[in-house]
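Trainee: Quick one: the structure is below, questions incoming.
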Amino acid sequence: QVQLAESGGGLVQPGGSLRLSCVASGSIYSIYDMGWYRQAPGKQRELVATITTAGTTTYADSVKGRFAISRDNAKNTVYLQMNTLRPEDTAVYYCNVNLMTSWNRVRRNYWGQGTQVTVSS
């Protein structure tokens, strides 16, 4: 069994900051790429940022220069620092982790349950 626990969402004013965290736990053999996606009401889920095991990052154009993804491999954790937040950043944010489970050595993607981020004055 693998669990992804997200935290850090909430209500923030435009221009504010939030930091999301996602911890992977359970029967994990190895973790590969980690990332964050988001889904706004009435829209499809979209990529926000990803980070490889080597630390290479990619970002959606809409968040470049404002968001920063990082990871702590010792803690099986991925973070998303969100600065200069805008109302259009309002969405449910999901972490996505590509990992191999230790009990069957199968590698696949896992999703967190999501955390709400609301940017409003």
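The values are calculated or read from the model by the stated rules, or taken from the named source; none is laboratory data. None of the values given here were measured: they were computed from a predicted structure. Because the Cβ atoms are built from the backbone with ideal geometry, glycine has one as well, and the counts that use them run over all protein chains shown. Just the protein is used for accessible areas: all its heavy atoms, side chains included, with ligands, DNA and RNA removed. Shrake-Rupley method; radii C 1.70, N 1.55, O 1.52, S 1.80 Å.
Trainee: Pairs needed: first member in the stretch 61-74, over 12 Å from Arg19 (Cα atoms) and modelled with pLDDT of 95 or more; second member anywhere, open to solvent by 50 Å² or more (accessible area, probe 1.4 Å) and of a type in the set (Gly, Ala, Ser); C-beta distance under 6 Å; at least 6 residues apart or different chains.
Mentor: none
Trainee: Give the residue that is surrounded by the most Cβ atoms within 10 Å (Cβ to Cβ), with candidates limited to residues of the stretch 17-32 that are of a type outside the set (Val, Ile, Thr) and within 11 Å of the chain's Cα centre (by Cα).
Mentor: Checking each candidate, the answer is Cys22.
Trainee: Would you pick out the residues in the stretch 2-11 that are of a type in the set (Gly, Ala, Ser) and open to solvent by 40 Å² or more (accessible area, probe 1.4 Å)?
Mentor: Here is the first cut: in the stretch 2-11, the residues of a type in the set (Gly, Ala, Ser) are 5, 7-10.
Ala5, Ser7, listed by residue number.
Trainee: Which one of Thr115, Thr101 is under 21 Å from Arg38 (Cβ atoms), surrounded by 13 or more Cβ atoms within 10 Å (Cβ to Cβ) and either touching a Ser or Thr at 6+ places or on another chain (Cβ under 7 Å) or modelled with pLDDT under 95 (or both)?
Mentor: Thr115
Trainee: Also, I was wondering about something else. Only one of these is surrounded by fewer than 19 Cβ atoms within 10 Å (Cβ to Cβ) and modelled with pLDDT under 95: Pro41, Pro14. Name it.
Mentor: That would be Pro41, the only listed residue that is surrounded by fewer than 19 Cβ atoms within 10 Å (Cβ to Cβ) and modelled with pLDDT under 95.
Trainee: Now a separate question. Check Thr52, Thr58, Thr77, Thr90 and return the single one that is in contact with a strand residue (DSSP E or B) (Cβ under 6 Å, 6 or more places away or on another chain) and without any contact (Cβ under 8 Å) to a residue 12 or more places away in the chain.
Mentor: Exactly one residue qualifies, and that residue is Thr58.
Trainee: If you don't mind, there's one more thing I want to ask. Out of all the residues in the stretch 48-95, which are basic (Lys, Arg) and surrounded by 15 or more Cβ atoms within 10 Å (Cβ to Cβ)?
Mentor: Selection gives Arg66, Arg71.
Trainee: Same structure, new question: What are the pairs, 6+ residues apart or on separate chains, where a residue within the stretch 22-49 that is in contact (Cβ under 8 Å) with a residue 24 or more places away in the chain has its Cβ under 7 Å from a residue that is open to solvent by 20 Å² or more (accessible area, probe 1.4 Å) and of a type in the set (Asp, Glu)?
Mentor: From the stretch 22-49, the pairs are Cys22/Glu6; Tyr37/Glu46; Arg38/Glu46.
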